[in-house]
């Protein structure tokens, strides 16, 4: 259990001797905007450490240096939130990175397999996840919590070795490398408050409503970040939708909205929302965000999407790659509408494995048939099935 900067520096120096280390974090986020880092777990092929990130005498600088070390591969499972924590606290994205959840999808373990399930299938070990929702901010940590924390990085070593070896044998290491490039892109974690409206459901019908929603959502994002509270603590989504529709330009109009708590219109936040609405409406119309247009699907494309979903499942099973990695429903819809759609499924290895076959299905060059207990793809007008790769 590491509680001082000197201990952390020694541990990170030891970890940097190896070509990879496994990493996990425990954090709380229920009452804050930013995740509150409580514990960091680290392991090399020989050692494992639990770092008390809340220890008063601890500076995380040695940990950040390790995360920046290009000579050490950082192995995570479902890395997105762990990387987000490093991005927020350290101001950078760890590199290089290997995400075992993504690698497992490429190796045929299904969509978004959990850590305990993956460990069980690879090593047969049982991971007790009863402490998954424990309060990691309370001290001291119990022996059970420490055991749970250590298990999250020690078994990960075996998972990583197994998946890396399988990827190498299958010739798919580069595929995972492409996914890691996207995972470690700064744009994945850096978002502007002006883009916060895009996470909301589009319940507006007019451009005037959209510019108000964009402006108020940006205000809420900044307010939530500044106060470090969840967005809903500042203003609920339903309130933003109603403000966008009604565009209140004074406190009285804001107070009449059913989604606004009594008296809120007289608060500082209420006044700022009114000013945000006024600012939105005062913007020149040529600067208003355009209304997103729904995709116009060609006639018959719905059936094409349905057929491609069946084909996607078929290829996924034959090739041992999760459907989620090969193509999304959005990919299929765009392919149905355009043979040259700019989607991942029509680029690189995905096109070779699935995209080209999907286009052939769309063009009627192959069909789908039921062969006993399974679906097979067949050449049009022939009985020969399209076989999976060796």
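The values are calculated or read from the model by the stated rules, or taken from the named source; none is laboratory data. Note that the structure is a prediction, hence the values are computed from the model and not measured. Heads up, the Cβs are rebuilt from the backbone with ideal geometry, glycines too, and the neighbour counts pull from every protein chain shown.
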*asked:* Tell me the residue from 357, 383 that is part of a loop (DSSP other than H, G, I, E, B) and either modelled with pLDDT of 90 or more or more than 30 Å from residue 217 (Cα to Cα) (or both), please.
replied: 383
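Does segment 67-74 contain at least one residue that is assigned by TED's automatic domain parsing to the domain that holds residue 177, more than 19 Å from the chain's Cα centre (by Cα) and within 22 Å of residue 134 (Cβ to Cβ)? Please lay out each step first, then the result.
Narrowing segment 67-74 to residues assigned by TED's automatic domain parsing to the domain that holds residue 177: 67-74.
Pick out the ones that are also more than 19 Å from the chain's Cα centre (by Cα) and you get 67-73.
When the remaining residues are screened for being within 22 Å of residue 134 (Cβ to Cβ), the result is none.
No - not one qualifying residue is present in segment 67-74.
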*State all residues of segment 313-326 that are within 22 Å of the chain's Cα centre (by Cα) and either outside any loop (DSSP other than H, G, I, E, B) or without any contact (Cβ under 8 Å) to a residue 60 or more places away in the chain (or both); if no residue qualifies, say none.*
316, 323, 324, 325, 326
_Any residue that is over 20 Å from residue 120 (Cα atoms) and touching a strand residue (DSSP E or B) at 6+ places or on another chain (Cβ under 7 Å) - is there at least one of those in segment 162-182?_
yes
*asked:* All but one of (1) modelled with pLDDT of 95 or more; (2) surrounded by 12 or more Cβ atoms within 10 Å (Cβ to Cβ) hold for residue 291; state the number of the condition that does not hold.
replied: (1)
*Of all residues in segment 143-182 being over 30 Å from residue 353 (Cα atoms) and touching a helix residue (DSSP H, G or I) at 6+ places or on another chain (Cβ under 9 Å), the one that is surrounded by the most Cβ atoms within 10 Å (Cβ to Cβ)*: 152
_Residue check for residue 40: in contact with a strand residue (DSSP E or B) (Cβ under 8 Å, 6 or more places away or on another chain) and buried (at least 16 other Cβ atoms within 10 Å of the Cβ)_ = yes
*Hits in segment 1-25 - residues which are surrounded by 22 or more Cβ atoms within 10 Å (Cβ to Cβ) and within 21 Å of residue 101 (Cα to Cα)*: 21, 22, 23, 24, 25
_Need the failing condition index for residue 104 against (1) under 19 Å from residue 155 (Cβ atoms); (2) part of a helix (DSSP H, G or I); (3) more than 19 Å from the chain's Cα centre (by Cα), just the number._
(3)
